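Each reported figure results from applying straightforward, stated rules to the coordinates on display, with no laboratory input. Bear in mind the structure is a predicted one, so any value in this text is a computation, not a measurement. Backbone-built Cβ (ideal geometry, glycine too); neighbour counts: all protein chains shown.
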Amino acid sequence: MAISTSHGRSTAIPIPCLIFASFVMWGITLLVIRGIESASFVNACVMVAKILGIVVFVAFAAMSFNAGIFTADFWGNVYNNLVESGQAGADAVALGTMPEQVIGCFVIIMWAFIGIEGATVLSSRARDKKHVATATIFGLLILLVAYVCMALLPYGVMPFQDVAAMSYPAATYVFEQIVPGFGGGFLSVVIIFAILGSWLSFTILPVETAQEMAEDKLLPAYWGKLNKYKSPYIGLIIVGICTQVVVVTLIVSEDAYNFAFSMCTVAIVFTWALAAAYNLKYSIEKKTVSQVVIAAVAVLFFVVGTILNGWDLLMLTCVGYLPGFVLYYLARKQQGKELSKGEIVTIVIFAIIAAAALSLVGIGTITI
């Protein structure tokens, strides 16, 4: 069950878009192969342009904000609630039941904060480790403010029904309404920069993680092999191939965008849950009460979030872990070590779930 936010508007990715996306992906991969530091500089420039674009949109939306429009849709009445739930009215927009709406918001919030761990992942390259915590906190606060403003301000500019019925990306249509002839085009350019910046970031992060795992003997040594630009080029190529496979699967997806962000969310939140569980274990061993409470809340939040995202997506995620288990086995073999019984049991469980997921996809019980 991929959580839908598009009310049926999103479809599979057309072939020309797939080809273009593939060219962009490999172009970014080659950029990072030329050096992570240079790619990080490009990413920083893109980030500045992206933030300026968001600031401009928020400023104009705030100046155009109409409290009457916002409160009319905020408070509503019995009939409006029926209309908004798709149960009445000629212009009804079906949003689903209240639990479905809550789950949808829950999942999208987690999706919006994916990448907040970026400063920690790249901490080994920081000149001062103190900057890592500062960057994470400021990044979280900036993202939170931007997300709240971008999510709420449009409902004070246009009626709820108009915003809900818009195609992706809705913000461009809202800004065009605010600044006719300029807003839509301007924000479209900003969104393109934002996508390229995010793509670049999420090319750097997994490879940086894989390089550190290779150094810790969790992946075969060649994953961490560096070229003359001090970039783990083999890992980048492998990550590029894996990304290409995922992109190709979007051709057959019934709802490509929602499937992609739902899968990404459950995959990353699953790893966050494991990290929080380890933090809980470590805090209990060190008898740090405050950290035990924080870790316990984090574990509960991530477990609930993973479950709410859908059992089918959780099962499909297990398919992606199988190649990782193979690589882990090869890394252990390089060190002359065998898998433990617990590791073997874990791999078997994941393999069974993955096989079940693929079978359910085959018979149509799980749709992508």
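Here are some notes:
- One compactness figure for the chain is 1.08, namely its Cα radius of gyration divided by 2.2 N^0.38 Å.
- Span from the the stretch 333-367 Cα centroid across to the the stretch 161-187 one, whole angstrom: 45 Å
- Residue order, fewest to most beta carbons within 10 Å, for SER64, SER188, SER340: SER340, SER188, SER64
- Helix axis angle, 341-363 relative to the chain longest principal axis, alpha carbon, degrees: 40 degrees
- Extreme residue, positive dipole direction of the stretch 218-368, given options VAL293, GLN335, LEU218 (C-beta unit charges): GLN335
- For the chain, modelled as a GNM whose springs connect Cα atoms under 10 angstrom apart, the maximal fluctuation among ALA194, ALA267, ALA151 occurs at ALA151.
- Taking 0.36 nm per residue of separation and subtracting the Cα-Cα distance, full extension of the segment from VAL348 to ILE191 would add 52.3 nm.
- Each of ILE192, LEU153, ALA135 was scored by the projection of its Cα onto the charge dipole of the stretch 103-200, and the greatest displacement toward the positive side belongs to ALA135; charges sit on the C-beta of Lys, Arg, Asp and Glu.
- A Förster distance of 45 Å, applied to the separation of the beta-carbon atoms of VAL145 and TYR329, puts the FRET efficiency at 0.50.
- Multiplying the residue separation of THR134 and ILE307 by 0.36 nm and removing their Cα-Cα distance gives an extension gain of 59.1 nm.
- Per residue, the average separation of C-alpha pairs within less than 8 Å and at least 6 apart gives the stretch 200-267 a relative contact order of 20 percent.
- Taking other C-beta atoms within 10 angstrom as a stand-in for reagent exposure, ARG332, ARG127 fall in the order ARG127, ARG332, fewest first.
- Between 0 and 90°, nearest 10: helix 130-152 axis offset from the chain longest Cα axis: 30 degrees
- Between GLN101 and SER22, the simple spin-label model (points 7 angstrom out along Cα→Cβ) gives 4.2 nm.
- All-pairs alpha carbon distance profile, the stretch 226-296, 10 Å steps from 0, percent: 17, 24, 24, 25, 10, 0
- Sorted on the mean count of surrounding Cβ atoms within 10 Å across their residues, most packed first, peptides 56-62, 171-177 read 171-177, 56-62.
- Pair ALA44, VAL361: separation of 7 Å Cα→Cβ label points (nm): 4.0 nm
- Relative contact order (percent, whole number), the chain, Cα cutoff 8 Å, 6+ residue spacing: 25 percent
- For the chain, the Cβ-based charge dipole about the Cα centre amounts to some 1500 debye (Lys, Arg positive; Asp, Glu negative; other atoms uncharged).
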